[in-house]
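The values are calculated or read from the model by the stated rules, or taken from the named source; none is laboratory data. Just so it is clear, the model here is predicted, and its values are computed rather than measured. Here the Cβ is made from the backbone with ideal geometry for all residues, glycine too, and neighbour counts use every protein chain on show. Note: accessible area is taken over every heavy atom of the protein model, side chains too, but ligands, DNA and RNA are not part of it. Shrake-Rupley method; radii C 1.70, N 1.55, O 1.52, S 1.80 Å.
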Amino acid sequence: SLGSTAITCFTRGLDLRKETEDVLCPANCPLWQFYVFGDGVYASLSSVCGAAIHRGVITNAGGAVRVQTLPGQESYPAVNANGIQSQVLTRWASSFSVTRTKTTALEAVGRAVSTARPSTGKRPKKPLDKKAGNKDCKADIAFLIDGSYNIGQRRFNLQKNFVGKVAVMLGIGTEGPHVGVVQASEHPKIEFYLKNFTAAKEVLFAIKEIGFRGGNSNTGKALKHTAQKFFSLENGARKGIPKIIVVFLDGWPSDDIEEAGIVAREFGVNVFIVSVAKPTTEELGMVQDIGFVDKAVCRNNGFFSYQMPTWFGTTKYVKPLVQKLCSHEQMLCSKTCYNSVNIGFLIDGSSSVGDSNFRLVLEFISNIAKAFEISDIGSKIAAVQFTYDQRTEFSFTDYTTKEKVLSAIRNIRYMSGGTATGDAISFTTRNVFGPVKDGPNKNFLIVLTDGQSYDDVRGPAAAAQKAGITVFSVGVAWAPLDDLKDMASEPRESHTFFTREFTGLEQMVPDIIRGICKDFLDSKQ
């Protein structure tokens, strides 16, 4: 049977086009995900591979199956066979049967395995990576499922099925996405937390175990509860990873969702709404607030809302949703000043500073750096030391953890020499900020000097600001106030700092951090 079509675990009889078709089922489909109706003669709503396992034509190792289209009938029975419980269906418009095809078993299995994992010509990944999951998808996700009377038991099961498919495609793993589930009904119930499972198999099993609660769809109440309680560190939320709530809504919420949306945004949570079966024109009168989707989502820019017409045939909606959930650069509500800035320190290493004061300078920049969430997708720190010359101590891409950045700061060696601040600003703008200027983070430069510069600072500082860098100037001892003001961004008063003694640097730390956050927020308005 060279004409076999590779199908997925989810392909149904009604998805096939021909009267008789030879298909290849992949290996290792999760048994409980199969919807199978009938016994021997299956309603075309059934999963083909599920029916084939139910019938004993193949095992869960996959293989070749011949599918024959049959007319519809009344009453498909429920029978438990080969680990699959088929379900009752009163009537359906078409059916199918499954039989063995005439291929050699070996060829079938070999081909079936290759359809389960598209071959790229590379060796299969080591099993170790499977545990790690999809490292490119940075997300901690709460699926807020609809458990109200609106949806009903049957569609509730289809909803669980869909969430299961999304969970599998996300690539859950220790270093990949983590997920949990909350059920919204009269009162919200956290079914399981992020920390409970780090393997897709376990998550699928846990989803299967969730029972339908019924009651009003108090989605607003559930969303607020989830935003406030679900993402704590002790419940498994990870620092620096975007927090996401995917709200599934069948119809519309019974309560107000606007306030919950505000709370979620304040907590830095990205809310997506997947609405299924939107209210019809006749139903709109029953909806408290027609604009409920726009008010709950993270940003009303179209990215955070997703629509599916019904709970049937949702497989094609899985991948686009997963792609959205894995685009961490689009998670606008995760962006706070603490995790979305690049801070470059320009450190005066001239001989007037002296060894012990240079230590105080390093402590000062460590204390600022400490306040930020440093990671490969978070904030980044760089440092340049200057005399007449400049030395890049480390660039934005060198260290992506706070520990490494702080240790790199401690290891900066004092140069000792002259003071050419203008040149140093130009050097830093070009070499340190140049490579990140198109990145998502907002750029800040903190210039620290203890004296008069031998060259012009005004031109280079203006050029830095024109390149999108906000400049704070910090002067100590003999640094002239005019120079400091000339370097600083507008409004100059709030971007210029001065202290007579190096010991006074410590008190400035909170004000500088606050200044960075204020500028960050102003730039987002």
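A Cβ distance below 6 Å, combined with a sequence gap of six or more or placement on separate chains, defines the contacts here; from segment 37-49, residues that are of a type in the set (Asp, Glu) reach residues that are open to solvent by less than 10 Å² (accessible area, probe 1.4 Å) and not in a strand (DSSP E or B) in the pairs Asp39/Ser86.
Checking each residue in segment 340-380 for being assigned to a loop (DSSP other than H, G, I, E, B), closer than 17 Å to Met415 by Cα and β-branched (Val, Ile, Thr) picks out only Val353. Among the residues of segment 399-412 satisfying the criterion of being without any contact (Cβ under 8 Å) to a residue 24 or more places away in the chain and either in contact with a Ser or Thr (Cβ under 9 Å, 6 or more places away or on another chain) or polar (S, T, N, Q) (or both), which is nearest to Asn339 (Cα to Cα)? Of everything passing the filter in segment 399-412, Ser407 is nearest to Asn339 (Cα to Cα).
Among the residues of segment 203-215, those identified as outside any loop (DSSP other than H, G, I, E, B), out of contact with any strand residue (DSSP E or B) (no Cβ under 9 Å at 6 or more places or on another chain) and surrounded by fewer than 18 Cβ atoms within 10 Å (Cβ to Cβ) are Phe205, Lys208.
Note on segment 328-368: residues that are in contact with a Gly (Cβ under 9 Å, 6 or more places away or on another chain) and either over 23 Å from Phe427 (Cβ atoms) or of a type outside the set (A, V, I, L, M, F, W, C) (or both) amount to 13. When segment 383-414 is limited to residues that are within 26 Å of the chain's Cα centre (by Cα) and among the hydrophobic types (A, V, I, L, M, F, W, C), the one that is nearest to Asn441 (Cα to Cα) turns out to be Phe396. The set of residues in segment 169-201 being open to solvent by 40 Å² or more (accessible area, probe 1.4 Å), under 20 Å from the mean Cα position of the chain (by Cα) and either outside the structural domain of Gln159 (by the TED database) or under 22 Å from Ser232 (Cβ atoms) (or both) consists of Thr174, Glu175, Tyr193, Lys195, Asn196, Phe197, Thr198. Looking across segment 228-245, the residues that are at pLDDT 95 or above and either surrounded by fewer than 20 Cβ atoms within 10 Å (Cβ to Cβ) or touching a helix residue (DSSP H, G or I) at 6+ places or on another chain (Cβ under 7 Å) (or both) come down to Lys243, Ile244, Ile245.
Right, Arg55: open to solvent by 50 Å² or more (accessible area, probe 1.4 Å) and free of Cβ contacts under 8 Å to residues at least 24 places away in the same chain or not? Before the answer, list the steps.
Details: open to solvent by 50 Å² or more (accessible area, probe 1.4 Å): yes; free of Cβ contacts under 8 Å to residues at least 24 places away in the same chain: no.
So Arg55 fails the test.
Restricting attention to segment 27-52, the residues being farther than 19 Å from Phe312 by Cα and surrounded by 22 or more Cβ atoms within 10 Å (Cβ to Cβ) number 1.
Answer yes if at least one residue in segment 159-176 is free of Cβ contacts under 8 Å to residues at least 60 places away in the same chain and over 18 Å from Val322 (Cβ atoms), and no otherwise. Scanning segment 159-176, I find at least one residue that is free of Cβ contacts under 8 Å to residues at least 60 places away in the same chain and over 18 Å from Val322 (Cβ atoms), so the answer is yes.
Residues that are modelled with pLDDT of 90 or more, under 21 Å from Asp255 (Cβ atoms) and out of contact with any Lys or Arg (no Cβ under 9 Å at 6 or more places or on another chain) within segment 276-322 comprise Ala296, Val297, Ser305, listed in sequence order. Tallying residues that are hydroxyl-bearing (Ser, Thr, Tyr) and within 17 Å of Leu249 (Cβ to Cβ) within segment 162-194 yields 1.
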